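Some notes on the structure that comes next.
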């Protein structure tokens, strides 16, 4: 389990995160929800190791994240950030291949081609693997980067590890059409069902509601609610988080419909 314990982050005299506490559990999809500027990307940057908190710590299976060698950490945790620009003329396949770098020189390297192919298939990018990454649309680039993260945590069928794996996604559906939004979150759901711990910052409340097991509501850098989806996706909690009137209805199929 990834545990965020009392994390605070400051920048320009402003507190971006205020003693935040969350947990990302193996086998579950945790949705990170909140208005613009709530601190979602800041929190993910801490989990990605890009930013060190001023207070608190992040634990991975009980060990401080800062104590883990980056290479070993990269073999267990993949991160998809909102902005994943590249300045090199890589093909889409070469970008996905970057996700296998942590396994270079290990027995797992023997599975690189299989991992890349399966990640490309799951992300729906196999038809344009040979194209230059620079020529792709915004949505295509996002799916290639998603495939890169998938390749990083991919394991051969039937091979189970005692150590948990994690997938951290920052707005993974922001540039995608409706079909590909579902595709990405279907894959995240499948990975969670296989034991991967998934944390996804999701802007669309109805998408988050359809896929999340657990939910964290962030507002002004503070966790204002967290827990199982049924307990957090309420009109009262969502309305207080977003400062708007929210109505939560039950569809005929039992799923929630969140109206703003």
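Any read-out appearing in this document is the output of simple, stated calculations on the displayed coordinates, not a laboratory observation. From a predicted model like this one, the values you see are computed outputs, not experimental measurements. Note that each Cβ is placed from the backbone with ideal geometry, even for glycine, and that neighbours are counted across all protein chains shown.
How high is the FRET efficiency between residue 15 and residue 257 when r is their beta carbon distance and R₀ equals 25 Å, given to the nearest 0.05?
0.10
Where does helix 178-193 land angle-wise versus the long Cα axis of the chain, in degrees 0 to 90, nearest 10?
Once rounded, one gets 80 degrees.
Where is the GNM fluctuation largest for the chain (alpha-carbon springs, 10 angstrom cutoff): 73, 110, 60?
110
Taking Cα atoms, how many degrees apart are the long axis of helix 138-153 and the longest axis of the chain, rounded to 10 and kept between 0 and 90?
Approximately 80 degrees, to the nearest ten.
If every alpha-carbon in the range 87-162 counts as one equal scatterer, what log10 I(q)/I(0) does Debye give at q = 0.12, 0.18 1/Å?
Each listed q maps to, in turn, -0.31, -0.65.
For the range 1-117, build the convex hull from the C-alpha positions and give me its volume per residue in Å³.
Per residue, the Cα convex hull of the range 1-117 comes to 149 Å³.
Any idea what angle helix 112-123 forms with the longest principal axis of the chain, computed on alpha-carbon atoms, 0 to 90 degrees, nearest 10?
40 degrees
Report, in whole Å, the centroid distance computed from the Cα atoms of the range 101-122 and the range 216-260.
Cα centroid to Cα centroid, the span is 38 Å.
For the chain, compute Rh as the Kirkwood radius over C-alpha pairs and then the Stokes-Einstein diffusion coefficient at 20 °C and 1.002 mPa s; write the answer in µm²/s, rounded to an integer.
For the chosen part, D equals 113 µm²/s.
Over the chain, what relative contact order in percent results from Cα pairs under 8 Å that are six or more residues apart?
27 percent
In what sequence do 211, 166 fall when counting other Cβ within 10 Å, fewest first?
211, 166
Please arrange 230, 170 by counting, for each residue, the other beta carbons lying within 10 Å of its beta carbon, fewest first.
In order of increasing Cβ crowding within 10 Å: 230, 170.
Three principal axis extents, largest first, for the C-alpha atoms of the range 109-260, in Å?
If we take the Cα atoms of the range 109-260, the spans are 51, 40, 36 Å.
Mean residue ellipticity at 222 nm from the helices of the chain, using -39,500 (n - 2.57) per DSSP H segment of n ≥ 4 over the full residue count, to the nearest 500 deg cm²/dmol?
Helix-only estimate at 222 nm: -9000 deg cm²/dmol.
Order of 40, 219, 163 from fewest to most other C-beta atoms within 10 Å?
The order, fewest Cβ neighbours first, is 163, 219, 40.
Once the Cα gyration tensor of the range 87-126 is found, what semi-axes does its equivalent ellipsoid get, as square roots of 5 times the eigenvalues, in whole Å, sorted largest first?
18, 14, 6
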